[in-house]
Amino acid sequence: MTGIAEVLGGKKTLKKKIQSRFDLMEMSKDGITKEALRHLAKYLALSASQLAELLPVSERTILRYTSKKPFNRVVSEQILQIAEVVAKGIEVFEDKEKFISWMHSPIKSLANQTPLSLLISRFGMEMVLDELGRIEYGVYS
């Protein structure tokens, strides 16, 4: 769970520790701030428009938010799920740059889609997490 917090800027940005999935549920209910979203974008080396493509909110809406204003539950949950995928990817690859490169590469077992492009939905995230699990255990399709 610490990996998720790190991707989103740590306790300083989140104002809470993430110790369990219950904490993630609570955070999605309370809302993730634009500041935490900025940390995620920076961590993934994505622009605001690239990140907005993954979220159920427009780039223009994101830009209107102040750094401390929390997003609604749906957007916050999507941000947390993306952060969870990123944390797992860093854990599996043990190298941030290799993971980010993988995220931008078409993957045959993901129908030649980039893992990043699949983060637009829970189903796509599950496919990426499954692929990371196969990599982690040395099982390639």
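Okay, here's what the table says:
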| quantity | calculated |
| --- | --- |
| Some residue of the range 10-18 being touching a strand residue (DSSP E or B) at 6+ places or on another chain (Cβ under 7 Å), over 21 Å from GLU136 (Cα atoms), loosely packed, with under 13 Cβ neighbours inside 10 Å and among the basic types (Lys, Arg) | no |
| Single condition VAL57 does not satisfy, out of (1) surrounded by 13 or more Cβ atoms within 10 Å (Cβ to Cβ); (2) part of a helix (DSSP H, G or I) | (2) |
| Failed condition for TYR137, given (1) of a type outside the set (A, V, I, L, M); (2) closer than 22 Å to MET1 by Cβ; (3) over 14 Å from the mean Cα position of the chain (by Cα); (4) modelled with pLDDT of 95 or more | (4) |
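To keep it simple, each residue is scored yes or no on (1) part of a loop (DSSP other than H, G, I, E, B); (2) surrounded by fewer than 20 Cβ atoms within 10 Å (Cβ to Cβ); (3) of a type in the set (Phe, Trp, Tyr); (4) touching a residue at least 24 places away in the same chain (Cβ under 8 Å).
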| residue | (1), (2), (3), (4) |
| --- | --- |
| ILE82 | no, no, no, yes |
| LYS88 | no, yes, no, yes |
| LYS98 | no, yes, no, no |
| SER109 | no, yes, no, yes |
| LEU118 | no, no, no, no |
| MET127 | no, yes, no, no |
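The values are calculated or read from the model by the stated rules, or taken from the named source; none is laboratory data. Everything quoted here is computed from the prediction, not taken from an experiment. Reconstructed Cβ throughout: ideal geometry from the backbone, glycine too, with neighbour counts over all protein chains shown.
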